[in-house]
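Comments concern the structure below.
No lab work stands behind these numbers, since they all come straight from the coordinates. Because the structure is predicted, anything quoted here is derived from the model rather than measured. Here the Cβ positions follow ideal geometry from the backbone for every residue, glycine too, while neighbour counts run over all protein chains shown.
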Amino acid sequence: MAVVSSIASSKTSKIFHLIWLDASVNDFDHNYQVQQHLRTLINRLRTFESVDVYEQYIQSLSKEDRIFLITNGQLGRQIVSHINQLQQISSIYVYCMNKNFNDEWAKQYSNFCKRYYKKDQIQLNNIQEFENNYTSDKALWWNTKTIRVFIVY
């Protein structure tokens, strides 16, 4: 999983948030330990067990804020159809041992990105490069690319 620093850009008023969406995010001791570690790295970590509460929270944020979302495959699949309504989502990190389970909905999201950026050749090139070259060991590198929205799993 990639780790994001808590930063507010000096050039804009954007604030970066790390959100963990998982129905069992608070159920396991291991998850609690990971949360504690993440909170030492970023002060804007929020956890949500419900998609509805998560979406309400995002809608309460400024449109300028950016969100790095961590989710599991099941909830990731559920929310992907809503992502186009949530401008603040910058990146989605999906943790799931069954990559094939996630490939179909990730492809749908990639197609959405292509339609959204159809007039922006630079972003279309970035999306194509991501589809062709992404590997999980380069997740952090992809987060530093100029592509605006992508899914990492």
Qualifying aspartates and glutamates (Cα of each under 15 Å from Cα of K107; at least 8 residues distant if same chain): E129, E131
For I15, residues with placed amide H under 5 Å, excluding near neighbours: D65, R66
q = 0.15 Å⁻¹: log10 I(q)/I(0) that the Debye formula gives for the stretch 16-152, counting C-alpha atoms only: -0.75
Förster-model FRET efficiency, 41 Å R0, Q33 and K118, C-beta, rounded to 0.05: 0.40
Protection-proxy order for peptides 58-68, 14-24, 31-41, each taking the mean of Cβ atoms within 10 Å per residue, highest first: 14-24, 58-68, 31-41
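With +1 assigned to the C-beta of every Lys and Arg and -1 to the C-beta of every Asp and Glu, and no other charges, what is the dipole magnitude of the stretch 16-152 about the Cα centre in debye, to the nearest 20?
Working: 15 positive and 14 negative charges, 113 e Å.
Roughly 540 debye, rounded to the nearest 20.
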Distance between modelled label sites at D137 and N43, nm, 7 Å Cα→Cβ extension: 3.6 nm
